[in-house]
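Worksheet: the structure to be examined is printed underneath.
FYI, it's all coordinate maths here, none of it is from the lab. Given the structure is predicted, the values throughout are model-derived calculations rather than measurements. Here the Cβ positions follow ideal geometry from the backbone for every residue, glycine too, while neighbour counts run over all protein chains shown.
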Amino acid sequence: MDYRRVSRLMVFCCIIAFLCTMSFFAFRFGWHFEMFGMFINLTPVFIAILLLTLFIVICTAKKCGRGLRITSYVLTILMVAANGIFFYMRGGDLGIYRRLFLDAIWMLVPVAAIIIAMNIPWRHFTRSAIPKGIFAAVVLLVVLGVRFNMVPIRMVTPPAVFVYGDYYTVVWVTNVNGVGWLEIDDERFYNTLYGKHHANTRIHQVRIPREQLNGAVYTANTRRLLFKSSNTVRFGRTISSENIVFEGYRGQDEIRILSLSDYHSMPRAAERVASHAGDFDILVLNGDLLSFIADAREVELSIMAPAGRITGGRIPIVFARGNHEMMSFGTSYLDMYIPLPQGRYYFTFTYGPLFGIVLDAGIDKPDEHPFHGGLSASGPYRTEQTRWLEALRDSAPFANYEHMIVISHIYLDTESETFIDTMRDWLHVMQAMPICMSIHGHTHRAQVREPNEHRTFPLIESGGKTDHVGFRHVGALITLGENNHVTFINDSGEIVGQEVLRMF
């Protein structure tokens with residue numbers, strides 16, 4: 001037996017095993033494991049796995065015996081099997097982790113290429129011009145592919161329509177850069193920045209007045225950007241979505257709102273909840289849709305793609321940021337995808353007789369807490385919103401609306417020391433507003449808190465993933481009408497709770 005080749009194969013297997021294990025823990029738990037309210041740093045686990053891997057590599061480099069070779073192979077098989085079962089089971093609930101796991105495996109391609117190159121008998125190929133020509137062609141294709149990104153253009157996420165104030169913003173994402181536009185009755189609407197169409201982007205955002213989109217049939221289109229040099233631009237082919245009928249407010253007597261929150265990068269179960277909810281008029285994405293943001297693709301896979309799949313681009317979406325969307329250094333990636341009114345995550349919106357307020361309480365720990373490395377500035381941010389709420393109360397733009405609701409990921413009755421002063425201030429301001437309910441996430445509970453002496457309206461906790469692994473989910477379907485009520489639905493379509501909403 002050629003021990004040299006066996007050793008190389010075992011080194012390769014050990015690297016696969018280590019990366020599989022690392023991806024299993026790191027991408028699932030965000031480098032920390034949370035259970036029973038405790039954060040346990042997993043760094044010692046990674047160090048132990050790394051040391052084990054290095055030990056096996058050193059042993060194999062010295063032409064180890066058969067027993068350790070078998071151990072190495074078994075270890076690799078077990079690691080890969082564990083990842084395969086965890087990432088691929090249950091119909092793709094773990095799409096983001098599967099994607100990142102494949103990225104980790106992709107990191108091994110250079111290692112595999114070196115191992116293959118070391119074992120190819122090159123002297124046999126150099127005698128003929130054909131292998132040389134094939135090699136030159138492959139190198140040329142790789143160079144062209146890297147320079148011009150020759151993959152076919154496609155939509156990574158379907159169109160999703162976000163509502164702010166008196167306008168909508170339609171957002172979709174493509175895999176390569178291009179110029180995007182909406183087409184309604186042969187009229188084109190572009191994302192125009194300071195007198196120029198935004199053409200060099202994968203993230204396409206087109207703002208459009210509500211009256212032009214309500215009831216209209218539209219398509220989202222992207223023309224690929226192939227090459228640019230100075231003022232010279234060359235475009236490729238154009239792709240378009242299917243014809244989409246945007247519904248908007250249609251004068252219905254009841255308004256149905258589906259609130260989904262806290263699915264922590266596992267959107268498939270939440271999507272199943274939406275499929276069982278029937279028709280609804282507004283989708284509220286109520287925060288903690290990711291556990292942390294380390295890569296822009298996480299925003300695409302965990303927020304933008306589910307938003308487009310659930311709504312089909314037919315109904316408006318209200319996005320409320322959660323504390324986990326502020327985790328890690330990738331927070332700015334979220335800002336790239338979510339269309340922000342006036343550059344902030346708190347705003348108002350309207351829908352027929354409904355006036356809504358969206359608030360953002362920020363990070364759920366004091367700004368000086370070491371967990372966020374001293375980067376948190378949520379305290380002043382919440383104070384800024386208090387002043388904004390006071391101005392909103394005094395100007396009363398909600399006066400002529402039949403229903404008024406508040407949406408916030410962190411619930412107003414929280415007793416957390418981080419939020420309690422802010423929430424008391426917010427509730428004090430809200431006393432002078434005709435609010436009929438508030439809708440929240442964060443707690444992973446599906447329940448209604450009855451009105452009390454501090455607030456005259458009920459508080460709805462709209463559920464979330466109900467187990468730690470996250471294959472089960474509960475959402476809240478809220479009906480506004482003559483009698484306001486909420487129905488809690490799980491991902492199997494079962495009604496797990498119903499309640500009529502009463503004022504104080």
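Provide the per-residue ³J(HN,Hα) series for segment 178-186, in order, calculated from phi with Karplus coefficients 6.51, -1.76, 1.60 and θ = phi - 60°, each as a whole number of Hz, with x at glycine and proline positions.
With coefficients 6.51, -1.76 and 1.60, one gets x, 10, x, 7, 9, 10, 10, 6, 6 Hz.
Under the rule a/c < 1.5 gives rounded, and otherwise a/b versus b/c splits prolate from oblate, where does segment 155-245 land using the Cα gyration tensor?
It is prolate, given that a/c is not under 1.5 and a/b is the larger ratio.
What is the distance in Å between the Cα centres of segment 163-180 and segment 243-306?
If you average the Cα positions of each part, the centres end up 16 Å apart.
Tell me the net charge near MET326. Cut-off is 14 Å between Cβ atoms, MET326 excluded, with +1 for each Lys or Arg and -1 for each Asp or Glu.
-3
When a footprinting reagent is the concern and you count Cβ atoms within 10 Å, what order do THR487, THR232 take, fewest first?
Numbers: THR487 18, THR232 7.
So the ranking, lowest neighbour count to highest, is THR232, THR487.
State whether segment 255-500 is rounded, prolate or oblate according to the following rule on the C-alpha gyration tensor (a ≥ b ≥ c being the square roots of its eigenvalues): a/c under 1.5 gives rounded; otherwise a/b larger than b/c gives prolate, and the remaining case gives oblate.
Values: a/c = 1.41, a/b = 1.01, b/c = 1.39.
It is rounded, given that a/c, with a ≥ b ≥ c, falls under 1.5.
Select from segment 314-389 those GluC sites (Glu not before Pro) which occupy a DSSP coil region and have at most 11 other Cβ atoms within 10 Å, ordered by residue number. Provide the component values of the computation, followed by the final result.
Working: sites: GLU325, GLU368, GLU384; in loops: GLU368.
Within segment 314-389, the qualifying GluC sites (Glu not before Pro) (loop, at most 11 other Cβ atoms within 10 Å) are GLU368.
Of the trypsin sites (Lys or Arg not before Pro) in segment 196-270, which ones lie in a loop per DSSP and count no more than 12 other C-beta atoms within 10 Å?
On the way: sites: LYS196, ARG202, ARG207, ARG210, ARG223, ARG224, LYS228, ARG234, ARG237, ARG250, ARG256, ARG268; in loops: ARG250.
Sparse-neighbourhood loop trypsin sites (Lys or Arg not before Pro): ARG250.
Rounded if a/c is under 1.5, else prolate if a/b is larger than b/c, else oblate: which is segment 257-359, with a ≥ b ≥ c the root eigenvalues of its Cα gyration tensor? Numbers along the way, then the final one.
Details: a/c = 1.95, a/b = 1.20, b/c = 1.62.
The shape class here is oblate.
Considering only DSSP states other than H, G, I, E and B, which GluC sites (Glu not before Pro) in segment 207-262 qualify as loop sites with at most 12 other Cβ atoms within 10 Å? Provide the component values of the computation, followed by the final result.
Numbers: sites: GLU211, GLU242, GLU247, GLU254; in loops: GLU242, GLU247, GLU254.
Hits after loop and neighbour filter: GLU242, GLU254.
What is the sum of charges around ILE435, taking Lys and Arg as +1, Asp and Glu as -1, for the other residues whose C-beta is under 12 Å from the C-beta of ILE435? Before the final figure, lay out the partial values.
Numbers: positive: ARG393, ARG455; negative: none.
Cβ neighbours under 12 Å give a net charge of +2.
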